[in-house]
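**Q** Have a look at this one before I ask anything.
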Amino acid sequence: MREEADLLRPLPAVPYEACEWVRGRKVQQNCHVSHGGNFCSAPFRAVGPTVDLTVTGTALEIWKGSESLPAHALMPPCARNRYSTHEEDMPDGKAWQEWDAGRIRRWAERIGPDCRAVAERIFQSHAFEEQAFNACLAVLRLSRRHGSARLEGACGMALASGRRSPCCHDIEPILKSGQDSAAAQQPAHEEG
C-alpha cells in the first residue's frame, strides 16, 4: 500500500458531474442561445455561428469551438421563456445587429399607435431591450400575413383586454378568428 501512496494524486477541487452535450445551437441576433425553452446569453462575438452546450444538473456552459464561454445557472424544468443574461455579453454598440430597438419601434409606429403601445409594453417587460426583439418581431411580422390595418385593430383589442404585456400569443388568435374584423364592422352606438 505504501508503494501506491506516492503515485496517488489529490482529488479535483470541483466534483465530477455528468453532462449532456447539445451540439449545433445558433447564437441569435439578441446574443442569446436557446435551450429547454429558455435563453442564455453568449458574448456578442459568438452571434451567428453555431455553438455547443454542456448541460449538467446545475449549469449550462456554452462552447465556441474549444473555448468555454461564461456558464449560466440551469433554470428549473418548469421555467419557460426566461432569460439568463450576463451584462458583459451584451455589446456596447448596436451597429452589428440587423435589428435594434429603434428600427423595431419605427416599424410598430408605421403600423399604428396601438401596435407601438404593444411594442413598448413588450420592451418594458424585459430587463434588456435585446431580450424583447424576438417577441416584438413576432407581433410585427403578423402584418405580413394579415395586413397593417388588421394588426393595428388586433393590438387595440389586446390592449383593451387588460393584459399588462400583450404578445403574439394574445394577438394572433384575434386575427385568425377574425375578431378584429367583426369589431370593426359593428355599428357604433348612437347617443340620443
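**Q** If I filter the range 3-32 down to residues being closer than 14 Å to Thr54 by Cβ and of a type in the set (A, V, I, L, M), which single residue comes out as least open to solvent (accessible area, probe 1.4 Å)? I'd like the intermediate steps shown before the answer.
**A** So the first thing to find is which residues in the range 3-32 are closer than 14 Å to Thr54 by Cβ, and the list is 14, 16-25.
After this cut, where a residue has to be of a type in the set (A, V, I, L, M) as well, the list is 14, 18, 22.
Details: Val14: 108, Ala18: 74, Val22: 19 Å².
Of everything passing the filter in the range 3-32, Val22 is least open to solvent (accessible area, probe 1.4 Å).
**Q** Of the residues that sit in the range 62-81 and are closer than 18 Å to Gly24 by Cβ, in contact (Cβ under 8 Å) with a residue 12 or more places away in the chain and not basic (Lys, Arg), which one is surrounded by the most Cβ atoms within 10 Å (Cβ to Cβ)?
**A** Let us first name the residues in the range 62-81 that are closer than 18 Å to Gly24 by Cβ, namely 62-69.
Now narrow it down to the ones that are in contact (Cβ under 8 Å) with a residue 12 or more places away in the chain: 62-64, 69.
Applying the additional criterion that residues be not basic (Lys, Arg) yields 62-63, 69.
Numbers: Ile62: 25, Trp63: 18, Leu69: 21.
In this case the residue turns out to be Ile62.
**Q** In the range 14-59, which residues are more than 28 Å from Ile104 (Cβ to Cβ) and either in contact with a helix residue (DSSP H, G or I) (Cβ under 9 Å, 6 or more places away or on another chain) or in a loop (DSSP other than H, G, I, E, B) (or both)?
**A** Val14, Pro15, Tyr16, Glu17, Ala18, Cys19, Thr56, Gly57, Thr58
The values are calculated or read from the model by the stated rules, or taken from the named source; none is laboratory data. This structure is a prediction, so every number in the text was calculated from the model and none was measured. Cβ: placed from backbone, ideal geometry, glycine included. Neighbour counts: every protein chain shown. Ligands, DNA and RNA are excluded from the accessible area calculation, which covers all protein heavy atoms including side chains. Shrake-Rupley method; radii C 1.70, N 1.55, O 1.52, S 1.80 Å.
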